[in-house]
Amino acid sequence: MARSLTHEDLTLVANTIRGLAMDGVQKAKSGHPGMPMGMADVATVLFLKHLKHCPSDPVWMDRDRFVLSAGHGSMLLYSLLHLSGYDLPMSELQSFRQWNSLTPGHPESGHTEGVETTTGPLGQGCGNAVGMALAERMLAERFNVEGGVAPVDHATYVLAGDGDMMEGLSHEAFSLAGHLRLGKLIAFYDSNHITIEGSTDLAYSDDVKKRFQGYNWNVIEIDAHDFDAIDRAIRRAKREQNRPTLVICRSAIGKGSPNKQNTAAAHGEPLGEAEVRLAKENLGLPADQTFYVPERVLEIFAARRKSLERAARAWRKNLAADHAANPARADLWKTFVENRIPADLESFAPAFDPNVPMASRVAGGKVLQGMAKAAPQFNRW
């Protein structure tokens, strides 16, 4: 399916996402349309050609993880989840930022199907993504059999913006990822040089490329609106197994808006009814329709969904066969996946003499060692 997609198809999908983002924010009279419009091309290529997931089974264990660290651009994720076939009907996109909707201003895990983690505070999703990539590495070390079944083989993708890069949390987390050589972590940096206050030059002048090279990351720079360049970059990143990859995406915030593209006005407020109409005309969308999704876009995502579901079924079949042949491995898998904790957990805790002085860090270490004996999830691998 991916090979048959034309540039016209990809453009139509990306512009449909832009239209949904504009309409959701405009109807709510609140939100951030600029990032979804700027990163729609990257997201389109990722979801239609690379991201491994299963809308009919949102918690499939070996799905790729997609983390929207720039959570303010939530209409990008909601649009993709809706089009992909998750339980997020159009009525929820039309209820963006409304009380009791499944589409809050920032994505919330456990609230909306398909959302991997709650993101709001800038940098938080960066840390979450590093943790997910580390979890994949640890599980793979335990359960992937040399020359046999490999039930753990997924990537973690994270989309971060300028605000994420400014936060100290992203520095620490991404430094650790480079040190641990988490090759299945791929970060997209939405480098549009605009914050809600104006140009990033007001407070930020880091050389992000050099920074990540210093972290021992693989760094790729692309035009975020060139479908071929996006596809090549993701393929290169997936081939790099010894280092995480940063894809610096030179994007235009508010892409398609005639008067607000590349301005702070596209960041944190609705474009305005008149500008939305102009943008839709510029993008080839019907200016008099809201929340418009062409039939061709539905066909493209339906075909992609069938392909993904076949992959998920094959994975389950292979795992079931392996577990039938290896009961001990099957039991250990359930221990990890279900996070089983022994009923007598307290019996593994060390005893301390209150009369013997001990630093709290030393006592904490002894407790953790006891827990590691009780629950294998505590061990590295």
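The values are calculated or read from the model by the stated rules, or taken from the named source; none is laboratory data. What you see is a predicted model; the values in this text were computed from it and never measured. No Cβ is skipped: glycine too gets one built from the backbone with ideal geometry, and neighbour counts run over all protein chains shown. Protein only, heavy atoms only, side chains kept; ligands, DNA and RNA dropped before computing areas. Shrake-Rupley method; radii C 1.70, N 1.55, O 1.52, S 1.80 Å.
The Cα atoms of segment 243-343 cover 63, 32, 31 Å along the three principal axes, with the biggest extent listed first. Ignoring lysines fewer than eight residues from Lys366 along the same chain, the ones with Cα atoms less than 28 angstrom from its Cα are Lys334. In this simple spin-label model, placing a label point 7 Å from the Cα along the Cα-to-Cβ direction at both Ala311 and Asp57 gives a separation of 1.3 nm.
By the Stokes-Einstein formula, at 1.002 mPa s and 20 °C, segment 118-209 with its Kirkwood radius over alpha-carbon pairs has D equal to 147 µm²/s. Report the charge-dipole magnitude of segment 1-77 in Debye, nearest 20, computed about the Cα centre from +1 at each Lys and Arg Cβ and -1 at each Asp and Glu Cβ. Rounded to the nearest 20 debye, it is 140 debye.
Taking the convex hull of the alpha carbon positions in the chain and averaging its projected area over all directions gives 21.8 nm².
Taking all protein chains into account, the per residue accessible area for segment 195-289 stands at 50 Å² (1.4 Å probe). Positive end of the dipole of the chain (Cβ unit charges, origin at the Cα centre): among Ile186, Met22, Ser79, the Cα lying farthest that way belongs to Ile186. Counted residue by residue at 0.36 nm each, then reduced by the alpha carbon distance between them, the extension gain from Thr6 to Asn216 reaches 72.1 nm.
Derived scalar couplings between HN and Hα for segment 152-162 equal 10, 7, 10, 9, 10, 10, 9, 10, 10, x, 4 Hz in order, rounded to whole Hz, by the Karplus curve 6.51 cos²θ - 1.76 cosθ + 1.60 (θ = phi - 60°), x for Gly and Pro.
With the cut-off at 1.5 for a/c, could you classify segment 196-284 from its C-alpha gyration tensor as rounded, prolate or oblate? Verdict is oblate for segment 196-284. Roughly what angle does helix 360-374 make with the longest principal axis of the chain, taking Cα atoms, 0 to 90 degrees, to the nearest 10? It works out to around 80 degrees.
Note on Asn100 and Ser360: with the Förster distance fixed at 56 Å, the Cβ-Cβ geometry gives a FRET efficiency of about 0.80. Split the accessible area of the chain by element, probe 1.4 Å, and carbon with sulfur accounts for 49%. Each residue was assigned an accessible area with a 1.4 Å probe, and for Phe174 the value is about 0 Å².
A viscosity of 1.002 mPa s and a temperature of 20 °C, combined with the Kirkwood radius over C-alpha pairs in the Stokes-Einstein formula, give segment 313-381 a diffusion coefficient of 147 µm²/s.
Here segment 91-234 is treated with +1 on each Lys and Arg Cβ and -1 on each Asp and Glu Cβ, and its dipole about the Cα centre works out to around 440 debye.
From the square roots a ≥ b ≥ c of the eigenvalues of the alpha-carbon gyration tensor of segment 40-130, which class results: rounded (a/c under 1.5), prolate (a/b over b/c), or oblate? Taking the square roots of the gyration eigenvalues as a ≥ b ≥ c, segment 40-130 is rounded.
Near Val219, the amide H atoms lying under 5 Å from its own belong to Leu246; only residues 5 or more places off or on other chains count, and H is placed 1.01 Å from N.
Which one, Ile300, Gly268, Leu285, projects farthest toward the positive side of the charge dipole computed for segment 267-307 from Cβ point charges (K/R +1, D/E -1)? So the residue we want is Ile300. The Lys209 and Thr263 beta-carbon pair, evaluated with R₀ = 22 Å, returns a calculated FRET efficiency of approximately 0.35.
Given bins 10 angstrom wide, list per bin the percent of all Cα-Cα distances in segment 93-168, short to long. Values per bin, smallest distances first: 17, 34, 29, 15, 4, 0.
Based on C-alpha pairs under 8 angstrom that are at least 6 apart in sequence, segment 291-374 has a relative contact order of 22 percent. Computed as a quarter of the hull surface, the mean projected area of the alpha carbon convex hull for segment 182-248 stands at 4.9 nm².
Compactness of segment 1-157 is given as radius of gyration and Dmax, 16.3, 55 Å, from Cα positions. The relative contact order of segment 1-119, computed from alpha carbon pairs under 8 Å that lie at least 6 residues apart in sequence, is 26 percent. To test your reading of the geometry: what angle, between 0 and 90 degrees and rounded to tens, separates the Cα axis of helix 124-143 from the longest principal axis of the chain? Once rounded, the angle reads 50 degrees. Computed from Cα positions, the angle between helix 273-283 and the longest principal axis of the chain comes to roughly 90 degrees. Straightening the chain between Val367 and Ala325 buys 11.6 nm, computed as 0.36 nm per residue apart minus the Cα-Cα spacing. For an R0 of 22 angstrom, estimate the FRET efficiency from the Cβ-Cβ distance between Lys238 and Val337 and round to the nearest 0.05. The formula returns an efficiency of 0.35 here.
Sorting Arg211, Arg313, Arg340 by solvent-accessible area of protein heavy atoms yields Arg313, Arg340, Arg211, largest first, with a 1.4 Å probe.
For Glu116, the accessible surface of its heavy atoms amounts to roughly 40 Å² (probe 1.4 Å, protein chains only, rounded to the nearest 10). The figure for Leu285 is an accessible area of roughly 20 square angstrom, using a 1.4 Å probe on the protein chains alone. Averaged per residue, segment 295-346 has 65 square angstrom of accessible surface, using a 1.4 angstrom probe with ligands and nucleic acids left out.
For segment 75-116, the set of chymotrypsin sites (Phe, Trp or Tyr not before Pro) satisfying both a DSSP loop assignment and a count of at most 15 other C-beta atoms within 10 Å is given as Trp99. The charge dipole of segment 64-136, taken about its Cα centre with unit charges on the Cβ atoms of Lys, Arg (+1), Asp and Glu (-1) only, comes to about 220 debye.
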